[in-house]
Amino acid sequence: MSKANGTGVTKLFEDAHAEGILSPAGLQTLTVVDLGAQIQAGLGIHVDDVQASEVVLVTVMPDDSGSISHAGHTKTVCDGHNLVLDALLASQQKDGVLFHTRYLNGHVLNPFRPLEDVVRMHSGNYSADMGTPLYDQAVVLLGTVLAKAQEFSGNGVPVRTVTLLITDGADQGSQKARAKDVAALVKDLHRVENHIVAAMGIDDGVTDFRRVFQEMGIADRWILTPGQSAQEIRAAFQVFSQSAVRVSQGAASFSRTALGGFGA
């Protein structure tokens with residue numbers, strides 16, 4: 001990555017702070033450690049190459065920790081990701097949607113790109129054999145969403161975002177961020193009222209996912225806690241896909257969805 005790219009990401013955050021979008025705590029979370037290269041990797045398509053009059057950013061962070069594979073959920077997570085993509089491709093507003101896939105351990109499968117260019121998840125590009133740096137990567141992911149949204153809003157393009165974090169365990173291995181750092185970013189995103197941050201905790205038999213996600217600032221109405229069966233996990237992805245489609249249907253639909261959560 002060139003130095004200019006990293007500087008560009010920092011400038012986006014400084015602009016967001018100057019406009020009151022990013023709080024001092026949120027700005028510090030994103031700039032105290034140099035995340036520029038990681039965030040740059042997810043920004044994808046240039047704003048000038050998007051012709052839509054308004055844009056929806058849909059982001060999914062599939063868990064690629066070893067416990068996913070151990071529990072036999074690898075194919076189910078791939079199917080769930082692809083189900084969300086198919087639901088958006090079938091929507092009338094698909095031309096205004098950009099999609100981003102970043103695995104929990106940082107691999108970017110899809111930087112923000114048009115739906116027709118999105119790479120589907122499959123066994124050839126997804127190996128669940130890593131750890132669970134949930135807080136570190138949630139900061140990177142939300143920073144990417146914020147930076148991309150700032151790019152569009154800075155160019156006068158209305159933007160809405162909906163993001164799904166997925167894990168089957170509590171944080172293990174984060175080196176730089178804590179739950180409160182994630183919560184600071186989620187709070188900033190919510191305050192702007194054009195962002196939704198959701199989370200899915202796939203039952204591992206021990207983790208209280210509602211507590212984990214609430215500590216990360218995620219509203220209870222945006223938390224999914226499917227059981228361990230493939231049917232339940234796919235159903236949870238289906239619920240998220242319906243919300244993502246509603247978000248793409250305009251500002252009024254977004255507002256209703258944001259207020260109602262997954263029950264809307």
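Rule-based calculations on the coordinates, nothing more; no lab input. Just so it is clear, the structure is predicted and the values come from calculations on it, not from any experiment. Here the Cβ is made from the backbone with ideal geometry for all residues, glycine too, and neighbour counts use every protein chain on show.
Worth a mention:
- Computed helical MRE - 222 nm, the chain, DSSP H runs ≥ 4 contributing -39500 (n - 2.57), nearest 500: -14500 deg cm²/dmol
- Net charge of the neighbourhood of Gln231, taken over other residues with C-beta under 14 Å away and scored Lys/Arg +1, Asp/Glu -1, is -1.
- By DSSP, the beta bridges lying fully in the chain are antiparallel in about 20 percent of cases.
- Top of His195, His17, His100 by mean-square fluctuation, Gaussian network on the chain, Cα under 10 Å: His17
- Around Gly20: net Lys/Arg minus Asp/Glu count, Cβ-Cβ under 14 Å: -3
- Using the Cβ of Asp168 as centre and a radius below 11 Å, the other residues enclosed give a net charge of -4, where K and R count +1 and D and E count -1.
- For the residue pairs Lys11/Lys176; Lys75/Lys180; Lys148/Lys180; Lys11/Lys180; Lys11/Lys187, the alpha carbons lie more than 29 Å apart in Lys75/Lys180.
- Using θ = phi - 60° in the Karplus curve 6.51 cos²θ - 1.76 cosθ + 1.60, the 3J(HN,Hα) couplings for the stretch 70-85 round to 4, 7, x, 9, 4, 5, 5, 5, 4, 4, x, 4, 5, 5, 4, 4 Hz; x is entered for Gly and Pro.
- Amide hydrogen neighbours beyond the local backbone of Val55, cut-off 5 Å, H modeled: Val159, Arg160
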